[in-house]
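Structure first, then comments.
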Amino acid sequence: MPIIMYAILDTRVNNEDISHFIEHLSFESNIQFELISSHELTAVVSIQTESKSAISQADVLTYAGIVDIIAQKHSILPMRYGSVVSSYADITNLLDKNAESFHRVLKKISNKEEYSLRLLFSHQHQDADFNKESSDATQSVPDILQGKSENKQYLLKKYQKHIIEEQRIQYIENIQSKVIIDLKKITEYIEFNKKVTPAFIIDAVILIEKSAKGELLAFVGQLKSKYPEHNVILTGPWPPYNFAQIKLE
Amino acid sequence: MQEDKILFYAGSANEIIEELEKIKPGDQGRINATPENVDSGLAKLVLTLIELIRKLMEKQAMRRIDGDSLTEEQIENLGETLMKLENKMDELKKIFNLTDKDLNLNLGPLGDLL
Amino acid sequence: MQDDLYDINKEITILDVLDRVLTKGVVITGDIVISVADIDLVYLGLRLLLSSVETMEKMKAVN
């Protein structure tokens, strides 16, 4: 009897409210949710009624939607999709063994929400800008690469690419460091995604106080006016998926 | 709930979507070695490592050029070697039907190899 | 125009949702928890799903 876990929350924070809320959610969504509590932690779960060999995108989105609805009302640790356990005892065990870590992270994310902030090169800008710089780079040929031999020409081509790449990295790092300084005024919880395509100048997730949303929006507006040539996108509020990473026992 | 998550966006939506598609979690970079495709799986692994070393060499060479510490003769040798290496690499990629995109490994939390 | 905007919002949001719910969040691993026999199936299914998200979106658009 597989049990699907959706979220973990702090029982001490409005304990009665959550059972009402879950009842209501069960009614609305036609999924029978249950609450499993231990060590002042509560897990929101449901029993997987049908066994599936394949998963559809709709299943994943339904799951994410439920986590989102719970997160709108309560401070929760969202579970990753596929968090399935085989018995109630496993859940209790999980909560007991990791109570301290769960409480620590729950405290951190309490009354906060996650947002994604991305700043991307617009293709046109990218091409225009770095082609311009590439012609600059062409002009400054290192002495050692002066000459007509095929080998030197090859190296020169590589060298020019290298210079453009360096300029590009510098350009990105420069913007990043400025943005970090400003973001730090809003929150200390900022994570940069480094595994991105070259088009990304910034791909960050941040965790902010619910009350700081206005401040964030104002900041993003300013960002766009500072860099009108780039694409800017802010999504959220999300459950704190990126700030709920815990090493579980 | 799911449609109202965009709080601010300015720029080309198509460009944004295109880039987001690229970083979507997927199974690119995974080496699926099965008895049927073990040859190309192995070739992919070996070529990925060669490509990594080749790129490192190239980077190092550019640093040396920047540092201006190479002699005329060394420059000629360097250019020839790197050029031949790149051509050889292109040949091998063609033989094993691999693209640049295939020659990468997803190292999980460490990001991509190349 | 309104419809376009709606589709774009939806598409970006879905990409962001999937990224979060499939790769972030609390992960349970270890001996006690992943004891459901078909957990491999779940992950296999996920991978197939991910590579087919784009296709599914296109199919929806056609229908």
Apply the Karplus parameterisation 6.51 cos²θ - 1.76 cosθ + 1.60, with θ equal to phi minus 60°, to every residue of segment A:155-172 and state each ³J(HN,Hα) to the nearest whole Hz, in sequence, with x for glycine and proline. 4, 4, 4, 4, 5, 5, 4, 4, 5, 4, 4, 4, 5, 5, 4, 5, 4, 5
Using a 10 Å cut-off on Cβ to Cβ distances, tally the other chain neighbours for every residue of A:66-77 and report the average as a whole number. 1
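Let me confirm one metric for peptide A:174-186, namely the mean number of other chain beta-carbon atoms within 10 Å of its residues' beta-carbons. Before the final figure, lay out the partial values.
Values: counts 0, 0, 0, 0, 0, 0, 0, 0, 0, 0, 0, 0, 0.
That average works out to 0.
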Provide a whole-number value for the mean count of partner chain Cβ atoms within 10 Å of the Cβ atoms in peptide B:75-84. 5
Those residues of segment A:7-43 whose amide nitrogen sits under 16 Å from the label point placed on A:Asp96, 7 Å along Cα→Cβ: A:36-43
Rel. contact order, % - alpha carbon contacts under 8 angstrom, at least six apart, segment A:3-110: 40
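What value, in deg cm²/dmol to 500, does the helix sum -39500 (n - 2.57) over DSSP H runs of n ≥ 4 give at 222 nm once divided by the residues of chain A?
Values: 7 runs with 119 residues, N = 249.
After summing the helix terms and dividing by the residues of chain A, the value is -16000 deg cm²/dmol.
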How far apart, in nanometres, would the label points at A:Lys210 and B:Lys88 be if each is projected 7 angstrom from Cα along the Cα-to-Cβ direction? 6.3
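Quick note: the coordinates plus some simple rules give every number you see, no bench work behind them. Computed from a predicted structure; not experimentally measured. Please note: Cβ atoms are built from the backbone with ideal geometry, for glycine as well, and neighbour counts cover all protein chains shown.
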